[in-house]
Amino acid sequence: MSDLGDLYHDMILGHAKAPRNFGKLDPCDASALGHNPLCGDRIGVTLLLSQGRVTDVRFDGSGCAICTASASLMTEGVKGRTRAEIDTVFQRVHDLVTGKGDPEDPELGKLAVFGGVSEFPMRVKCATLPWHTLNAAFDNSNAPVSTE
Amino acid sequence: MSAALFSPAAPGASPSASPGSPELRAQFPILARKVHKQPLIYLDNAATTQKPQCVIDALTHCYTHWNANVHRGVHLLSQEATEHYEGARKVVAQFIGAALPEEIVFVRGATEGINLVAQTLGRTQLSKGDEVLITGLEHHSNIVPWQMLCAERGATLRVCPITDAGELVPGAFDALLASRTKIAAFSWVSNALGTVNPVAAMCRAAKRAGAITLVDACQAVPHFAVNVQELDCDFLVFSGHKLYAPNGSGVLWGRKALLESMPPWQGGGDMIASVTFEGSTWNHVPHKFEAGTPDYPAVAGMATALQWLQAIGLQRVQAHEAALLAEATERISAIKGVRIIGTAAAKASVLSFVIDGVHPHDIGTILDRKGIAIRAGHHCAQPVMDRLGLAATARASFGVSNTSADIDALVEGIVAVQKLFGA
Ligand SMILES: Cc1ncc(COP(=O)(O)O)c(C=O)c1O
């Protein structure tokens, strides 16, 4: 049960049950839809930008606990940052969930809670879908992104 | 060619052990392995079944003793391989009550069988404005080939709606059959919900309307006896891997006259009578539809699996699985916060469910760590999920080796999921 406890950390369960920044910004400066066909997770991300910085962000849709918590913590973590800064954070998260990162990395902050995902290769895409969707919103591509 | 050639070769692998018995479970070597240090509880039979030792042995036996290309040599090995391949055709014909072995076309699985019919009969029979009728319960493999065909021919795909319980809306199928309905294709048993459709009545109604019928029997053949002549359909397909047989074995059954009237599908070796650069002539059925070297060991393994299943007895299998499904339904629906999805009056093998506040994908991960293999997702039946307003369900599906103890584990697992999520 211990690795299940690592995956379903209290903070993850808390964000999954009561996600922060849930909803849609309307109007918004950028938006995208993400879809994981394997498990049916669907995430929408909307952004407000000012001088290259995220001033507000919301997500909506339906996903598993990992996906929802990842989206929730992502929205908390990216406010006030530029795209380049966000890219660096995503790279760290990506490394973390694929077992290549350092869970002690102070730059991760709360996002370090996703370290348990690396023991569950089938769930990596659940954690990364919100980030891919955010990237797609930056690209302002209106085509839905897919994890496949 | 004696059927005995396909008898389970493994010593002590008595084919007639009763469903769920320790003797029968012992025939599945994979049940001895551990998953995350836990004994494997395999409840994903609708996705694919595990293989009994006799089927695994049949594959090894083919490669060890008879390996050769079929229909292609004067040497003894090729002759023996051909005898086994054609012998398997007789075993399959007998298994589904077909009038003639030539009515059995070996394909890679149900998907290939449906595509074959869509691209041969479908292309020649369907004109602009014609209709193909399916149901709202279909697996993607019985939707997409017809969608592609309809787009190509300018025809319309009609879908018989389903109720909240996951049954076909009463009267809707008959009402949708029209003079322009050329093909009606439907599943016998829904893989997502377990609903057993009234296929005999549907075949009769379609026939009255002049439509050709194709029955997707993937989730039927592993669970009860099937007889194509009693059913009176025109085509029936199933995949071997869902029926304790090797991957890559599958069956398209069609009436001989219909198969003869259809153009060939893929071109290549074995499907021709003669080839010149000016043109070719086609082999007779079923070879006309079996271009290229077939997966002969998989086919021989399928014959072994069918004989093994018949030795156990499909009536016993049906009774055993019905008892498991009834027990699981009762116990799981009694858990607060759990809802069974698909409550048709007639169901087989499949139990789909959701837990309040927990995504099915999370259920699947947590049960997996307890050694319990279930399916979580849309089960390749996205329209079923959309109709019921769900992104996904968790699905337990039963087979011959399952027991009440497996249900105990599932119930405990569900309770543990709720505990972890504080649901
Ligand atoms: C009802 C039904 N039809 C068709 C299929 C497709 O089978 P295959 O992928 O083996 O071709 C499946 C498999 O899940 C099924 O359950």
Over segment A:59-148, what is the relative contact order in whole percent, taking alpha-carbon pairs under 8 Å and six or more residues apart?
30
For segment B:323-363, state which residues have at least 50 Å² less accessible area in the presence of all protein chains than in their chain by itself, taking the probe as 1.4 Å and leaving out ligands, DNA and RNA.
B:H359, B:H361, B:D362
Where does the Debye-calculated log10 I(q)/I(0) of chain A sit at q = 0.09, 0.14, 0.15 Å⁻¹, using only Cα point scatterers of equal weight, no solvent?
-0.24, -0.59, -0.68
Over all alpha-carbon pairs in chain B, figure out the percentage whose distance exceeds 40 Å.
19
Relative contact order for segment A:3-139, counting Cα pairs under 8 Å that sit 6 or more residues apart, in percent:
30
Counting helices only, and only those DSSP H runs with n ≥ 4, report the 222 nm mean residue ellipticity of chain B as the sum of -39,500 (n - 2.57) divided by its residues, in deg cm²/dmol to the nearest 500.
-10500 deg cm²/dmol
Nearest 20 debye, what's the magnitude of the dipole of segment A:45-140 about its Cα centre given +1 on Lys and Arg Cβ and -1 on Asp and Glu Cβ?
220
Per residue of B:111-124, what is the mean number of Cβ atoms on other protein chains within 10 angstrom of that residue's Cβ?
0
Segment A:35-85 versus segment B:105-125: alpha-carbon centroid distance in Å:
44
Report the FRET efficiency, 1/(1 + (r/R0)^6), for B:R123 and A:T88, where r is their Cβ-Cβ distance and R0 is 41 Å, rounded to 0.05.
0.15
Convex hull around the C-alpha positions of the protein assembly as shown: the volume in Å³ per residue is 181
For a quick check, take a GNM of chain B with Cα springs below 10 Å and name the residue from B:V237, B:V55, B:V275 with the largest mean-square fluctuation.
B:V275
Taking r as the C-beta separation of B:Q266 and B:D232 and R0 as 22 Å, the FRET efficiency to the nearest 0.05 is 0.15
For A:N140, put the label point 7 Å out on the Cα→Cβ axis and report which residues of segment A:20-63 keep their amide N under 18 Å from it.
A:25-33, A:45-58
Taking segment B:62-310 and dividing mean pair separation by its residue count, relative contact order in percent (alpha carbons under 8 Å, at least six apart):
23
Using a cut-off of under 19 Å, list every residue of segment B:391-413 whose amide N is near the label point 7 Å from the Cα of B:Q318 along the Cα-to-beta-carbon line.
B:398-402
Total charge dipole magnitude, segment B:62-310, about the Cα centre, Cβ charges on Lys, Arg, Asp, Glu only, Debye to nearest 20
360
Of segment B:258-300, those with amide N under 16 Å from the point 7 Å along the Cα→Cβ vector of B:L100 are B:258-263, B:283-290
Could you give each residue of segment A:135-140 its phi-based ³J(HN,Hα) in whole Hz, using Karplus coefficients 6.51, -1.76, 1.60 with θ = phi - 60°, and x for Gly or Pro?
4, 5, 5, 4, 5, 6
Take the Cβ-Cβ distance between B:A311 and A:K110 as r, set R0 to 51 Å, and report the resulting FRET efficiency rounded to the nearest 0.05.
0.30
Per-residue counts of other Cβ atoms within 10 Å, averaged by peptide: what ranking do you get for B:394-403, B:217-226, A:4-13, B:305-314, highest first?
B:394-403, B:217-226, B:305-314, A:4-13
Would you mind pulling out the separation of the Cα centroids of segment B:214-274 and segment B:341-412, in Å?
28
How much mean residue ellipticity at 222 nm does chain A get from its helices, if each DSSP H run of length 4 or more adds -39500 (n - 2.57) and you divide by all residues, to the nearest 500 deg cm²/dmol?
-12500 deg cm²/dmol
Average beta-carbon neighbours from other chains, 10 Å sphere, peptide B:365-373
3
So if each residue of separation counts as 0.36 nm, and I subtract the Cα-Cα distance between B:D408 and B:E23, what length gain in nm does that give?
136.6 nm
Given A:F114, A:T98, A:L38, which one lies farthest toward the positive end of the charge dipole of chain A, if we put +1 on the Cβ of every Lys and Arg and -1 on the Cβ of every Asp and Glu?
A:L38
Could you tell me which residue out of B:L149, B:S280, B:T111 lies farthest along the dipole of segment B:62-310 toward its positive end? Charges go on the beta carbon: Lys and Arg +1, Asp and Glu -1, centred on the Cα centre.
B:L149
Taking the dipole about the Cα centre of the protein assembly as shown, with the C-beta of Lys and Arg at +1 and of Asp and Glu at -1, give me whichever of B:A348, B:H65, B:V415 is farthest to the positive side.
B:A348
With +1 on each Lys and Arg Cβ and -1 on each Asp and Glu Cβ, and nothing else charged, work out how big the dipole of chain B is about its Cα centre, in Debye to the nearest 20.
520
Given the options A:K24, A:K125, A:K100, which has the most mean-square fluctuation in a GNM of chain A, springs set between C-alpha atoms less than 10 angstrom apart?
A:K100
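The values are calculated or read from the model by the stated rules, or taken from the named source; none is laboratory data. As the structure is a computational prediction, the values presented were derived from the model and not from experiment. Because the Cβ atoms are built from the backbone with ideal geometry, glycine has one as well, and the counts that use them run over all protein chains shown. Accessible surface is based on the protein model in full, side chains and every heavy atom, while ligands, DNA and RNA are left aside. Shrake-Rupley method; radii C 1.70, N 1.55, O 1.52, S 1.80 Å.
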